[in-house]
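Some notes on the structure that comes next.
The values are calculated or read from the model by the stated rules, or taken from the named source; none is laboratory data. Not measured: the values here are computed from a predicted model. Neighbour counts run over all protein chains shown; Cβ positions are idealised from the backbone, glycine included. In case anyone asks, the SASA skips ligands and DNA or RNA and just uses the protein heavy atoms, side chains included. Shrake-Rupley method; radii C 1.70, N 1.55, O 1.52, S 1.80 Å.
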Amino acid sequence: MKNLINRVITGLAACTLAIATVVAMSSPAQAAADTYTPHGGPTVAFIGNDIAFTDVFADQTFSCEQFDMHGTLISTGLSRPFGTTATTLDQLDYSGCTNPIFGETSFDPTSISGFAITGPEVGSVSPARLTNAGFLLTAAGCSFNVAGEVSGTFDDATGVFTPTESTLTIADDPAGFTCPLLGFVKGDDISVSGTWTIAGLTITNP
């Protein structure tokens, strides 16, 4: 009986050790699965390709020949949780922005945007988000602030960020007598099309 008890105790101890080992190994792995690491910098450039902003309600599009954003990489080589920004984008270079009715259009930044990976990479593609986007759009005596975020995918192999969803809206009451003529109102959804090719940034998981 004594030998049987000793065997049971020994077996339980071995089982406990095995469980502890598994837990110890799995916890960091789980943490690592929720992080990513940006590499490159210190400067980054988002080169716009056929970027256009459309007021969905008014069915009016503002298209730009050039819509490039520039900034810096935050703590290159440092792992961070998904959703934590990798860059600050504090400079906008644009040209050839027009609307078929309003004509020439200007964009003045009103915030410092960021860029973050929001989920694990599948192949070379990760979900990503342009955060804290904001600018004052002005055209033909009409102006309004646009603010929100742009979600999409980032292909680490090509460096291309492709927008797939936008929470951008007209954030205030449009100013100017021409605004109501085409139906621009506060709260209008603004969709984004085109792509940005990102120079100076690659990512790894974790």
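When each of Thr35, Thr43 is tested for being closer than 28 Å to Val160 by Cα, touching a Pro at 6+ places or on another chain (Cβ under 7 Å) and modelled with pLDDT of 50 or more, the lone residue that passes is Thr35. Is it true that Ser95 is open to solvent by 40 Å² or more (accessible area, probe 1.4 Å), among the polar types (S, T, N, Q) and touching a helix residue (DSSP H, G or I) at 6+ places or on another chain (Cβ under 9 Å)? Considered against the rule, which asks whether it is open to solvent by 40 Å² or more (accessible area, probe 1.4 Å), among the polar types (S, T, N, Q) and touching a helix residue (DSSP H, G or I) at 6+ places or on another chain (Cβ under 9 Å), Ser95 comes out as no.
For every residue, the table says whether it meets (1) of a type in the set (A, V, I, L, M); (2) in contact with a Ser or Thr (Cβ under 8 Å, 6 or more places away or on another chain).
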residue: Phe82; (1), (2): no, yes
residue: Thr87; (1), (2): no, yes
residue: Ser111; (1), (2): no, no
residue: Thr118; (1), (2): no, yes
residue: Val122; (1), (2): yes, no
residue: Ala128; (1), (2): yes, yes
residue: Phe135; (1), (2): no, yes
residue: Cys142; (1), (2): no, yes
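Pick from Thr72, Thr87: which is surrounded by fewer than 20 Cβ atoms within 10 Å (Cβ to Cβ), within 21 Å of Thr37 (Cα to Cα), in contact with a Gly (Cβ under 9 Å, 6 or more places away or on another chain) and not hydrophobic (A, V, I, L, M, F, W, C)? None of the others qualify; the one that does is Thr72.
Within region 112-126, the set of residues being surrounded by fewer than 18 Cβ atoms within 10 Å (Cβ to Cβ) and assigned to a strand (DSSP E or B) comprises Val122, Val125.
Number of residues in region 143-181 that are modelled with pLDDT of 95 or more, surrounded by 16 or more Cβ atoms within 10 Å (Cβ to Cβ) and among the hydrophobic types (A, V, I, L, M, F, W, C): the value is 10.
Taken over region 98-111, residues that are open to solvent by less than 40 Å² (accessible area, probe 1.4 Å) and either free of Cβ contacts under 8 Å to residues at least 60 places away in the same chain or in a strand (DSSP E or B) (or both) amount to 6. Across region 35-69, the number of residues qualifying as over 21 Å from Ala147 (Cβ atoms), open to solvent by 20 Å² or more (accessible area, probe 1.4 Å) and in contact with a Leu (Cβ under 8 Å, 6 or more places away or on another chain) comes to 5.
Considering only residues in region 37-87 that are assigned to a strand (DSSP E or B) and among the small types (Gly, Ala, Ser), the one that is farthest from Cys97 (Cα to Cα) turns out to be Gly40.
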